[in-house]
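Computed from the coordinates by the stated procedures, all read-outs in this text should not be read as laboratory data. Bear in mind the structure is a predicted one, so any value in this text is a computation, not a measurement. Here the Cβ positions follow ideal geometry from the backbone for every residue, glycine too, while neighbour counts run over all protein chains shown.
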Amino acid sequence: MKKLFYTIAASLCLTFFVTGCSSVPYTGRSRLIMTSESSENEMGAEAWEDLKSKEKISKDAALNKTTTNVSLNIAKVAEKPDYRWEFVVFQSDTPNAFCLPGGKIGVYTGIFNYMDNESELAAVVGHEVGHAIARHGGERIAHGIFQEVGMIALSLGTSNQNILDAYGAATNLGAVLPYSRLHEYEADYIGMILMAKAGYDPSGTITFWQKFKTISNESSLAEFFSTHPMSEKRLEEMQNHLSEARGYYQKAPVKHGTGARINR
């Protein structure tokens with residue numbers, strides 16, 4: 001076991017030396033990434049194909065066209081020419097959306113129930129693209145590796161399962177979950193800038209979340225155990241960034257405003 005631990009530790013040191021720290025676009029936050037962007041994109045592409053083979057794809061032509069048009073406009077300003085952008089609307093009542101590494105964006109039909117126009121769709125897509133260009137997936141991989149190495153190191157000194165379980169809970173609450181919440185705030189901020197640069201009124205972020213938060217049953221304690229921040233806190237942060245986002249919007253060569261109405 002000790003030999004295994006030292007081997008893993010040496011590999012981590014080598015990986016850190018090769019990849020090191022980098023900065024998140026727009027926020028400038030330093031992040032530790034232990035995987036290459038190309039490898040992350042390959043994992044994203046593989047997961048994407050698996051999802052498309054299992055999930056039901058929507059045949060709603062209007063929703064597909066609107067989602068593709070809005071997403072393409074945001075992808076153009078994301079400045080990731082190496083990403084192979086792809087956008088799919090999945091038929092599901094689940095009000096959710098996601099973006100896998102490499103620019104694979106999925107939007108579930110259930111989330112359109114909380115949208116009235118294209119700017120609100122741009123808020124959702126911009127948020128997911130924000131996750132992708134910030135490489136939050138790669139950062140979570142690094143966090144998971146360090147958590148596992150810590151568990152191995154601890155297990156070398158004790159076989160007490162209660163202690164090992166306590167370590168897992170403590171690292172989740174003290175490191176993994178807070179970083180996930182930070183990623184959500186960061187994706188909100190980056191998403192607002194991207195949608196504004198793409199010519200969509202960034203206030204669409206506010207109006208969308210004001211409607212979307214109605215489905216949440218939240219408490220301050222629930223946030224502590226959740227990867228997502230409280231909606232009220234998110235709205236407050238969005239309001240704080242709205243003026244900056246509007247500055248980007250004013251400079252956008254083409255302004256869509258709130259865009260066309262979304263019929264659902």
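Given R₀ = 25 Å, what would the calculated FRET efficiency be for Glu55 paired with Asn113, taking r from the Cβ atoms and rounding to 0.05? Mind showing how you got there, number by number?
Values: r = 18 Å, r/R0 = 0.73.
It comes out at approximately 0.85.
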Exercise. Return the long-range amide H neighbours of Tyr200 (sequence gap of 5 or more, or a different chain), with a cut-off of under 5 Å between placed amide H atoms.
Key: His256
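Tally Lys and Arg at +1 and Asp and Glu at -1 over the other residues with C-beta under 15 Å from the C-beta of Ser53: what net charge comes out? All intermediate terms of the calculation are to be shown ahead of the outcome.
Numbers: positive: Lys52, Lys54, Lys56, Lys104; negative: Glu46, Glu49, Asp50, Glu55, Glu86.
The answer is -1.
How would you order 83-89, 186-192, 134-140 from highest to lowest mean count of nearby Cβ atoms within 10 Å?
Working: 83-89: 18.7, 186-192: 24.4, 134-140: 21.0.
Top of the packing list down: 186-192, 134-140, 83-89.
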Quiz prompt | Net charge of neighbours whose Cβ lies under 12 Å from the Cβ of Arg261, counting Lys and Arg as +1 and Asp and Glu as -1 | solution = -2
Exercise. Give me the distance in nm between label points sitting 7 Å out from Cα along the Cα-to-Cβ direction at Thr214 and Glu237, one decimal.
Key: 2.4 nm
